[in-house]
Structure formats: C-alpha cells, structure tokens
1. How would Phe557, Phe470, Phe48 rank on accessible area, largest to smallest, probe 1.4 Å?
2. Write down Rg/Rh for the range 398-466, rounded to two decimals, with Rg from the C-alpha atoms and Rh from the Kirkwood relation over Cα pairs.
3. What does the range 41-197 give for Rg and for Dmax, in Å, if only its C-alpha atoms count?
4. Among His173, Phe557, Ala149, whose Cα projects farthest towards the positive end of the dipole of the chain, with charges put on the beta-carbon of Lys, Arg (+1) and Asp, Glu (-1)?
5. Relative to the longest principal axis of the chain, what angle (0 to 90°, nearest 10) does the C-alpha long axis of helix 400-412 take?
6. Counting only protein chains, not ligands or nucleic acids, how are Leu420, Leu96 ordered by accessible area (probe 1.4 Å), most first?
7. Compute the signed sum of charges (Lys and Arg +1, Asp and Glu -1) over the other residues within less than 14 Å, Cβ to Cβ, of Pro314.
8. Return the subset of Lys444/Lys584; Lys571/Lys609; Lys444/Lys616; Lys136/Lys444; Lys444/Lys553; Lys489/Lys553 for which the Cα-Cα distance in this structure is over 25 Å, preserving the input order.
Amino acid sequence: MLSNLKGMAILIFLGGLAGCHNAAYAQPFTLDRDTEPVIISAQDLAYFNGVAFDDLFVYRYNSGTYTQIPFQFDDVGADSGYFSETNGILDDLDELCFMARDMGDRAPALSWLPDVDSQNYDRIEIQITDGLDPAKQGWVYVFRSSTLAYTAPQDYVTLSGATIASTNYSLTHNSQSIIDNLSILGGSGVDIVDREKIRVLGIIGGIITYEMTENAYTITNTQYKDGPIRVLKQALYNLTVGSLSYEKAISERYYDIISVTAGSVGLIMPEYGVTYLRQSLDLNVNAVNMMFYNDYNSGIPIDGIDDVINATVPDPGIIWGLVTGVQGTIIQLIDLPSLGNPQQLYYYDSTVGGTADIGTSETGDGVSYGDIGVSFFTPNTGIFKLGYTRVYLPPVDSNPDSVGNAFAARFAVPTAATFLQQPFVVVPVELSSFTAEYENGGVKLHWVTQSETENLGFYIYRAEGENSAFTKLNSKIFPGAGNTEAVQKYKFVDRNVSNHSTYFYQLADVDFTGVETKHDPIRCKIELPDTYSLQQNYPNPFNPATTIRYCIKESGFTSIIIYNLYGQRVKTLVLGNLHTGEYKAVWNGTDENGTIVSGGTYYCVMQSKQYKQTIKMTFLK
C-alpha cells in the first residue's frame, strides 16, 4: 500500500508491478498464523503433474511486486513415506510446503511475473483461510518456468549429523533415534531434555510378563532429508518380544518453530497382551523452576519434588501441555484417540528415581524432572493413530494458560486451502501504471502504457464506495494510440469530488471491435483541512534551506512573504489563488534577486482571506 500527501488529499494506491498489466486494488494479506507451515497435497496442483520440481516456483504478491518465498517440494511414495521415491517429478502423492507468514496479498488476475516462459503456462493461486476466523486470509502463486531459479534466501531449519536446528531451537537424536538434547534458543539456550520415553507392559499367553522401554527397540535404519522449510526424518524400528517380532517406521517433520511426529498408524495385536502403554518427554535438571500448565493444571513447579496433579485427559480429544521458564517454552499438542480404559495424563517430577507407572523401570539419567505425557491402561487391540506436535517458543511471561489454549484451538481447527488455476492473458494494452492524486479541486488520474495493440481508447469508471457500482465518467471515448510499441502517457481530471470521500477509479481500454478490457481499480481518499494553518518551519535554525508547511481552508488569494527585522520585504514565496489543500513552500535563504541574505532572524507572514499568521525563523550563516 502506498500513501501520498499532496494537495491536501491522502491518496492510497494498491498494485502496479512494472512490466505487468495493471495497477491493482489488491485483497490484502491478513492471515496471522505465523508459527505454522502450510502443507499442500500435489493432488491440488494436478495441472503441474509430471513437471520437475526444479521448474516450479512459489511467489507472493505485495504492493504490486512478486517476490519468491522459501518453499519445498517433497517426493512422497506409495507407502506415504518421504524416502521411498526420489524422482523429483510432481505426482499426486507429493507435497508442497511453505510458511504461512510468507504469504501475501491476492494478485490481480491480469498481473503476472515478468518472466516470458512462465507466460506459456497457467499458474495456480493458493488461498489459505484461517479456520477460526475466515476473514483472515493469505495468497501465494505457483508458476512454472524453465528460466527461473530458486532465489529465496531463507533456510528455516538446518541439519548437521543428527542435530536439527533453527533460530528457535536445537535438538539432537541419540543412537536410538530419539531426542535426548533440546535447547530453546529464544530462552537461556541450555539443554533441558533427558529423553523421550516409551513404556509397554504386557502378558503373552497369560504366562509371560514383559516390560519394554525405548531401549528395547532396534533401529534398523534412520534417514534424513534437509530442505529450506523442513527437515524430514524417518526411523525404522524393530521390536522382538519372545517369538513375536514387529517393525514400524516413525516419520518426523521439523520446521523452524514446530516439530511434528506423524500420527502414524499403529497396531496392538491381541497376542502381545498389552496391558499398559505410555509415551512421555522427560526433562533434566536444567529445567528446574520451569512451570507446567494444561487444561486441568496451572503453575505446577518442576523442581524434582513429586506433585499431586489432575490426571484428566479427553477421551478422545485435543490435549495440550505447556512448560515454560527462563529456559524457554515447549508446548505439546496431541489429538488423543480413545485407546485406553482408562487413559490419563502422565506426570512425574521426582529425584528419588523410579517412575509413576506401576511395574516400569527408569531409563535415561535415572531421575525425573517434569516427565510429561499420556498413559493408556488395558489399551484396546487393533489399529490406532497417535501423533503429536511440539512448539518451541521463548519464555511465556504472562497468561501461559491462554497461550496453551490458543495453540490448542489452532491445532483443532486448521487452515483451509482453495485453489484457482489462472491462464496468462494477453491484453491489447500493456498498462504499467495507473495513479490518482487530488490537485486543484479535482482528482487527477495518470496512466502510462508500455504498448498498445488496436487500442481505440479508454473509458474511466468511478465508484463511490468499495461495494458500490462503477459508473462511466466519460461518455465520449478517450482516444488511444492504436498500434504502438512506444510509451504513451495519459491524464484525466475528475472535478466532481467532495471532501471526506473515498473514490474508486477503474480504467477500461477498448479495442477496434469495441471490446472493453477493465483493469483493476485504484482508491483515492480525500481528506481536506477544515482550518487555516501556518506551521513552524523545519529545520529551524536552518542553512541552506527550510520547509514551511501550510493549509488553506477555502480557495482564495494567498500570500506568504518573508520580512526582515526592519519590516522590509525580503522574498515572496507565494502570491496567487490557491484551492483548498495542504501545501509546502521552501525558502533557500535568498532575496528576490537570488542573493544569499545575512544570518539572523526573519519573519514569515501568511495571509489568506481573513486569516493571518506569522512565524519567526533563524537563518544561520
């Protein structure tokens, strides 16, 4: 959005990328889900199926300019994994991701990238709408071109060995492929995690009892993919209990503020005789003095001293937990299935050792500092889905409960995407600018064309409100240049305007057959002064020049004259009829003959109708 103060009008213009076809009154970006990535299934980009990732690019549109944003295309295989297919060719299973905060305004339908090859293909407009507030929206555009290159500078998350880092956090996976080191870079930056923990109890054949921890799993393969938006990780686990063997792949996605352990499908088979299941994240001694919050507990101190907590969790439903302190903040969000009978919050904060489970042993550092998760008793057999999302933030200094509930609400009601395939349209007139300014009692419209093809001329339309109908201002067509490759400049003045009004102007070019092509509107808001005024010059004292701003309430004869201490006229700055408006005059310290005056005090006197005002100025020499 551009604003310009001239002739006492405030003029607001939207749009106008040089080299595109119109200056536009764009629909503005209002989405505020800054922490969230946007994941697009390639099924919604079917027009580009079979195209190499390297020929697809994502741009936002703001203030008339297209800017490439960081984005990432990922191959997805038939097994829904990210590592079984790596051909770099878009198909229905693949994914596009980018950050919601990188989106922009809605671009005019006729505007386009100044890239010739992209004009040979349609583009796809992606509109993202906040599920909690549909008025909040953002847009990006996917273009195809063999002549563009990836230029977005931001790499939101990086991979080095088994360490994943962004500007918000750094974490490392151990040989079991589980997190055992995590620091929040927006906090104190110290490692606050002991490890992720898993506990399973069961009875096989009604005779053999067993306990499994995260240490019981054998890692057969761990793979990573590093991209500008996210790091992908997949670990293949093998578990053997007696004569029974079970293999499972766990997928994780790491973004700059959040991480997602996929809600992967699991299977509890009757022959395993599972009686208890728990997943949790145990912190370490560096987490002392952090506080725990969720829907049923508020401000539970993490100090290694066991606490009485409310273990209620939904069955099923969204559960959130938040720990915060000077060390930083971790929020965990889980879409909890109905799996246990009962199922409850797991929380254990004790340096004595052991666990809060009955019949399970401790792992990791042997103690618990705010070991937080969920537990399921006599879990149901069959297929289940359990995943979680974590958010890594700086310390939350006030209302942690509100912060947790806000993230839970967004987790429960995600954004929605809509798609629009748009062709490149060649128009008879290549319009490079269309602007408006209030001047001398009217709105002056200026437009510039870079080329014209069979252009008979123009009609100008005006609406007196954003939702009002447009009416034609000129009954007789404004002549065009016909056929030309030379730059053409035009102007038109609308004198039927009034103060405190907002007008929308739309330009239409007409070809030799009489077909009109309407360009997107611009907006002009007129706010004229209600009083006379002469403002103090700035700078003051001054050398070599100073600016004097003044307002005219009613059109009429106006004078602004500089006098010396003896009342002698030194310089006439303004002398003549002026319309209502805001103006400025510049005095460069010279007299009527152009000679530099002596240093000292001077008086600036303004007179317009019955108004007269004087200011004192000091010229340095």
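1. From most exposed to least exposed: Phe557, Phe470, Phe48.
2. The Rg/Rh ratio comes out at 1.31.
3. 18.7, 56
4. After comparing all options, I get Phe557.
5. Roughly 90 degrees between the two axes.
6. Working: Leu420 75, Leu96 0 Å².
Largest accessible area first, the list is Leu420, Leu96.
7. Net charge around Pro314: -3.
8. As for pairs spanning more than 25 Å Cα to Cα, those are Lys444/Lys616; Lys136/Lys444; Lys489/Lys553.
The values are calculated or read from the model by the stated rules, or taken from the named source; none is laboratory data. Quick caveat, the model's predicted, so the values are computed rather than measured. Reconstructed Cβ throughout: ideal geometry from the backbone, glycine too, with neighbour counts over all protein chains shown. Please note that ligands, DNA and RNA were not included when accessible areas were found on the heavy atoms of the full protein model with its side chains. Shrake-Rupley method; radii C 1.70, N 1.55, O 1.52, S 1.80 Å.
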